[in-house]
1. Filter region 143-181 down to the residues that are at positive phi and either more than 11 Å from the ligand (Cβ to nearest atom) or out of contact with any strand residue (DSSP E or B) (no Cβ under 7 Å at 6 or more places or on another chain) (or both) and list them by number.
2. Would you be able to say whether some residue in region 163-175 is surrounded by 18 or more Cβ atoms within 10 Å (Cβ to Cβ) and assigned to a strand (DSSP E or B)?
3. Just checking, which of LYS196, LYS113 is touching a helix residue (DSSP H, G or I) at 6+ places or on another chain (Cβ under 9 Å) and surrounded by fewer than 16 Cβ atoms within 10 Å (Cβ to Cβ)?
4. Take region 128-155 and flag every residue that is within 22 Å of GLU89 (Cβ to Cβ), surrounded by 20 or more Cβ atoms within 10 Å (Cβ to Cβ) and either of a type in the set (S, T, N, Q) or out of contact with any helix residue (DSSP H, G or I) (no Cβ under 7 Å at 6 or more places or on another chain) (or both).
5. Can you find a residue that is within 13 Å of the ligand (Cβ to nearest atom) and surrounded by 14 or more Cβ atoms within 10 Å (Cβ to Cβ) anywhere in region 97-107?
Amino acid sequence: MTQAALFAHVPASAPPVHRWEAIAATGASIWLRRDFLPPQAATKLLGRLIDVVPWRHDKIRVFGKEHDLPRLQQWYGDPGQVYVWSGIEMQPLPWAPEIAKVRDAVQRATKRKFNSVLLNYYRDGNDTVGWHSDDEPGLGLDPFIASVSVGVERDFVLRRIGDPKRQLSVSLSNGSLLVMSGQTQATWQHAVPRRKRVKGPRVNLTFREFE
Ligand SMILES: O=C(O)CCC(=O)C(=O)O
């Protein structure tokens with residue numbers, strides 16, 4: 001999707017679109033707004049989420065062996081928006097006020113609606129998420145994913161499907177909003193790799209709309 005198409009519906013009174021940066025990735029449509037939340041508000045939100053979210057520490061089975069997931073997570077959404085991945089079933093918690101507030105701000109910024117959000121809590125640089133695409137069938141053909149980051153800056157890396165040497169890295173800072181849309185999930189995978197030097201926590205809120 002071009003920037004013009006993404007913002008075709010934005011009224012003239014909306015904030016200037018130049019606050020969005022396009023991330024150059026062939027076949028993908030990825031946009032970043034580094035100034036989505038002011039740093040102070042983002043840091044406050046980080047502390048609040050760490051305290052109030054009933055974090056789950058799930059286990060996954062890899063080659064028949066059970067492992068702790070290398071991060072904590074939680075799932076919020078509209079009633080009935082159950083999320084199942086890698087054998088983990090997540091019933092949606094009702095929208096907490098601070099999360100609903102972020103959702104509303106993301107909806108205003110993107111002019112899209114979201115009915116669920118996955119929260120990932122990376123306690124420090126040892127916590128990660130491995131290579132994957134957000135391509136569950138319920139997300140439709142061109143999933144629109146809006147991802148808010150609060151806390152320490154982490155590398156978000158992408159690799160082209162079918163050409164894994166083609167990689168790029170985007171640094172996701174405190175208060176940033178990353179949007180992936182169009183064919184991004186069909187053509188690229190993403191990950192948050194381990195970074196031993198990173199000592200602080202980060203929470204990521206990935207808003208989705210399941211059909
Ligand atoms: O933490 C991030 O920025 C990425 C999270 C992610 O890939 C996901 O929730 O699918």
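Each reported figure results from applying straightforward, stated rules to the coordinates on display, with no laboratory input. This structure is a prediction, so every number in the text was calculated from the model and none was measured. Here Cβ is always computed from backbone atoms with ideal geometry, including for glycine, and neighbour counts include all displayed protein chains.
1. Within region 143-181, the first condition is being at positive phi, and the residues that meet it are 151, 162, 175.
Within region 143-181, GLY162, GLY175 meet the criteria.
2. We begin by selecting, within region 163-175, every residue surrounded by 18 or more Cβ atoms within 10 Å (Cβ to Cβ); these are 170, 172-175.
Now drop any that are not assigned to a strand (DSSP E or B), which leaves 170, 172.
Looking through region 163-175, at least one residue is surrounded by 18 or more Cβ atoms within 10 Å (Cβ to Cβ) and assigned to a strand (DSSP E or B).
3. Numbers: LYS196 fails: touching a helix residue (DSSP H, G or I) at 6+ places or on another chain (Cβ under 9 Å).
When all the criteria are applied, what remains is LYS113.
4. Answer for region 128-155, where residues must be within 22 Å of GLU89 (Cβ to Cβ), surrounded by 20 or more Cβ atoms within 10 Å (Cβ to Cβ) and either of a type in the set (S, T, N, Q) or out of contact with any helix residue (DSSP H, G or I) (no Cβ under 7 Å at 6 or more places or on another chain) (or both): just ILE145.
5. The first filter runs over region 97-107 and keeps only residues within 13 Å of the ligand (Cβ to nearest atom), leaving none.
Within region 97-107, not a single residue is within 13 Å of the ligand (Cβ to nearest atom) and surrounded by 14 or more Cβ atoms within 10 Å (Cβ to Cβ).
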